[in-house]
Amino acid sequence: MRSSPGGTRVFRGAVVSVDPTGPFSRPVVFQYNPDQVTRKILPRGQHGPQAVAPADAGRVHGAPIETVSLTIDIDATDQLERGNVVAATTGIAPQLAALEGLLHPGTASAIQNAALLLAGTIEVLPPEAPLTLLVWGPGRAVPIRIESLNVNEQAFDPLLFPTRATVELTAQVLSYNDLPIGHPGYALYLVHQVMKETLAGAASTAGAATAGSARS
């Protein structure tokens, strides 16, 4: 968290990668919170005019499919003015590497799989990806699968390390329909959904109270 000019504590959003085989996590905390978050929510199931049989028209096939898009701004200006050694030598390359690393399997896994193939292993399973979470305030922490990162590097230092960039991140929220029951993301999404249902109930109560006040 950081303080705003008025003294209010502001929660900073983040993307967090959690190692499924150990206790370690890699948080990528946003330097500046995005000004806008776009959420596209589609009902789960087949789409199109012939997709749903009449008998199933009123059925809910599971949690909706939600896609989140946001733009992350990264700028080394403040760090350079404070004499930050890392920013002075590599700009914002470490922050970009941390974001891109969310899509890369570890080199150790790649080398291990290559060794298995050379040894004649018939089938080599892809390594399991870390659990990736989008944390947008204490009330919204959801498992996601990153679909794309669009990196726009805008300024460079004398060694051509980027010093300013925007990263357009698009991700699909993973629900209990996308994860096995024992997966930690399964329970996390359920908690997220319970919180949304609670908020929806609060909105209904507030709406009923407002309507009653208006009639009186």
Being of a type in the set (A, V, I, L, M, F, W, C), open to solvent by less than 70 Å² (accessible area, probe 1.4 Å) and modelled with pLDDT of 95 or more narrows it down to one of Ala110, Ala88, Ala115, Ala53, so name that one. Ala88
Regarding segment 69-83, can at least one residue be identified that is in a loop (DSSP other than H, G, I, E, B), at pLDDT 95 or above and in contact with a strand residue (DSSP E or B) (Cβ under 7 Å, 6 or more places away or on another chain)? yes
Check off (1) open to solvent by less than 50 Å² (accessible area, probe 1.4 Å); (2) assigned to a helix (DSSP H, G or I); (3) over 20 Å from Asp35 (Cβ atoms) for Ala63 and give me the number that stays unchecked. (2)
As an exercise: evaluate Gly48 against (1) open to solvent by 70 Å² or more (accessible area, probe 1.4 Å); (2) modelled with pLDDT under 90; (3) over 24 Å from the mean Cα position of the chain (by Cα) and give the number of the one condition it does not meet. (1)
Spot the failing condition for Ala165; the list is (1) buried (at least 17 other Cβ atoms within 10 Å of the Cβ); (2) within 17 Å of the chain's Cα centre (by Cα), and only one is missed. (2)
Go through segment 23-42 and give me each residue that's more than 16 Å from Trp136 (Cα to Cα) and assigned to a loop (DSSP other than H, G, I, E, B). Pro23, Phe24
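Give Leu179, Leu133 a once-over and let me know the one that is more than 25 Å from Gln95 (Cβ to Cβ), open to solvent by less than 50 Å² (accessible area, probe 1.4 Å) and at pLDDT 90 or above. It would help to see each step written out before you state the result.
Details: Leu133 fails: more than 25 Å from Gln95 (Cβ to Cβ).
Just a single option satisfies the conditions, and that option is Leu179.
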Looking at (1) without any contact (Cβ under 8 Å) to a residue 60 or more places away in the chain; (2) under 28 Å from Val68 (Cβ atoms); (3) open to solvent by 50 Å² or more (accessible area, probe 1.4 Å), find the lone condition where Glu128 falls short. (1)
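The values are calculated or read from the model by the stated rules, or taken from the named source; none is laboratory data. On a predicted model such as this, the values are computed, not experimentally measured, just so you know. Every residue, glycine as well, gets a Cβ built from its backbone with ideal geometry; the counts of neighbours run over all protein chains shown. Surface areas here come from the heavy atoms of the whole protein model, side chains and all, with no ligands, DNA or RNA. Shrake-Rupley method; radii C 1.70, N 1.55, O 1.52, S 1.80 Å.
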